[in-house]
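The values are calculated or read from the model by the stated rules, or taken from the named source; none is laboratory data. If you're wondering where the values come from, they're calculated on a predicted model, not measured in any experiment. Glycine also receives a Cβ, built like all others from the backbone with ideal geometry; neighbour counts cover every protein chain displayed. Accessible surface areas use protein heavy atoms only, side chains included; no ligands, DNA or RNA. Shrake-Rupley method; radii C 1.70, N 1.55, O 1.52, S 1.80 Å.
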Amino acid sequence: MSCSSTGGPSGPHPSTPGTPTRCSAPSRSTPPGSSASAPAQKDHRVRASAWEDARSTADRLGRATPRAAHRLPLDRALGHVLAEAVIALTDLPSFDTSAMDGWVVAGPGPWTVREGSGILAGREVTEPLPDGQAARIATGARLPADATAVIRSEHALNDEAKGILHATREVVPGQDIRPRGQECRSGDELLPVGTVVTPPVLGLAAAAGYDALVAVPRPHVDVFVLGDELLTAGLPREGLIRDALGPMLAPWLRSLGAEVTEPRRLGDDADVLRRALLSSDADLVITTGGTAAGPVDHVHPVLAEIGAELLVDGVAVRPGHPMLLARLPEGGPCLVGLPGNPLAAVSGLLTLAEPLLRGIAGRSAQDHYRARVHEEVHGHPHDTRLIPVVLRDDTVVPLHYNGPAMLRGIAAADGLAVVPPGGVRSGTEVEILDLPWASASPWTEGCFT
């Protein structure tokens, strides 16, 4: 069934391009497959991991997954993570250049204006500039040898009749000149391993002379939507409901840097689920629904049947308690089982899928920050709560509509507050989980930040 929630690095190494990365679990004492079949479903609450432990397990699993680096041309590298540092191949700039349109001068003024069209960007300069002379120059043009300074056009007075240039302000040697190596020297590290390739990174790499970058491939994710009760169009009717997770998951996962195939709707069929899992060549499989113990919740039985290893089997968090993290056998993909209720699934994404994908992609862990809550927030007696919030000045305000089946709150949220068991009083600082698009305006699918 879909609605199953019941509660409020190692460095990369070169490899053949396109080689998939597969899931390798961190070291543990339990033999693979044993934790999937041994405990009965009634022990699920006892086995639930603490929220912090579940996230740490997902992060370690992702960073233990082998990553095959490949070389990408600049126009295909956006959103990938550098597997090799970007080292300056030359000085930047590689020669002294003019920072302004104006006049290049040598020695003290006034200066005799040299005849000609001036010095333009992209043109080789062969003649030095003797003391007492000036020449027109364009921004970015290479300075002639022996030049002293550049005078901006608006700070110069050209007496064309006499061929003499005067400065209207004091001229300081070196002014408005970009000296060779001002930005970097050849051999300097410009960008370290682990940097996400953003548009400015592409610009810097191009300026430094790179045509391609060595990067970690984006993780490949398969999404399997479970539940016979789901509609893909139209209004809910006759006990059927709209699938909210299929349209939401793919763009959300892409915002985390993943390549996502079109979600597949498998219904409530254990055999179809088993075949889909065993045939997947993804790095990560995400299932929606079917993680509890209902009559058509097939995820646990199928994982046990195929010999998967459960690394996280339930998390002490609300919503999203019955989420899970598994490793499929024989080098198969990782699997994150999300509850079917929409906000519970969001909780599973942020708890398990987000740190796992960061690890596989070679991205650094998400920066944690804390903010004060504007009002008292009630907590669960034993579990962590994830509450949608909006930022208001220097505090966060909890949003209504934060039940496990609701998306109205998260659709308006700037982040989720991590509320410890028992809740917090007004003014207490809590950890905030960022949403991938919260700082992007406007946000577009495939956000790489």
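Structure above, values below:
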item: Solvent-accessible surface ranking, highest first, for T148, T112 at 1.4 angstrom; result: T112, T148
item: Extension reserve of the R265-E330 stretch, reckoned as 0.36 nm per residue once the Cα distance is removed; result: 20.9 nm
item: Dipole of the chain [Lys/Arg +1, Asp/Glu -1 at C-beta], most positive-end residue of G359, V296, P200; result: V296
item: Shape of segment 213-355, Cα gyration tensor, a/c cut at 1.5; result: rounded
item: Accessible carbon and sulfur surface of segment 292-449 relative to its total accessible area, %, 1.4 Å; result: 51 percent
item: Heavy atoms of T126: accessible area, 1.4 Å probe, square angstrom to 10; result: 120 Å²
item: FRET efficiency, 1/(1 + (r/R0)^6) with R0 56 Å, evaluated for S426 and N158 via beta carbons; result: 0.25
item: Of P179, G122, H378, farthest towards positive along the dipole that unit charges on Lys, Arg, Asp, Glu beta carbons give the chain; result: H378
item: Separation in nanometres of the label points that stand 7 Å from Cα toward Cβ, at S279 and D393; result: 5.8 nm
item: FRET efficiency, D53 to A99 (Cβ-Cβ, R0 51 Å, nearest 0.05); result: 0.40
item: Contour minus Cα-Cα distance for T168 and R370 (0.36 nm per residue); result: 67.4 nm
item: Label-point separation, R76 to A138 (7 Å along Cα→Cβ), nm; result: 3.5 nm
item: Alpha-carbon centroid distance for the pair segment 304-326 / segment 71-86, whole angstrom; result: 34 Å
item: Most to least accessible of I306, I241 (protein chains only, probe 1.4 Å); result: I241, I306
item: Accessible surface, 1.4 Å probe, highest first, among residues F224, F95; result: F95, F224
item: Cα shape, segment 286-381, gyration tensor, a/c 1.5 rule; result: oblate
item: Reciprocal mean inverse distance between Cα atoms of the chain - Kirkwood radius, Å; result: 25.4 Å
item: Assigned charges on the beta-carbon of Lys, Arg, Asp, Glu; segment 76-124 dipole about Cα centre (debye); result: 120 debye
item: Computed magnitude of the charge dipole of the chain (debye, nearest 20; Cβ of K, R +1, Cβ of D, E -1); result: 660 debye
item: Cα gyration tensor category, rounded, prolate or oblate, for segment 207-289 with a/c compared to 1.5; result: oblate
item: Heavy-atom accessible area per residue - segment 292-449, 1.4 Å, Å²; result: 39 Å²
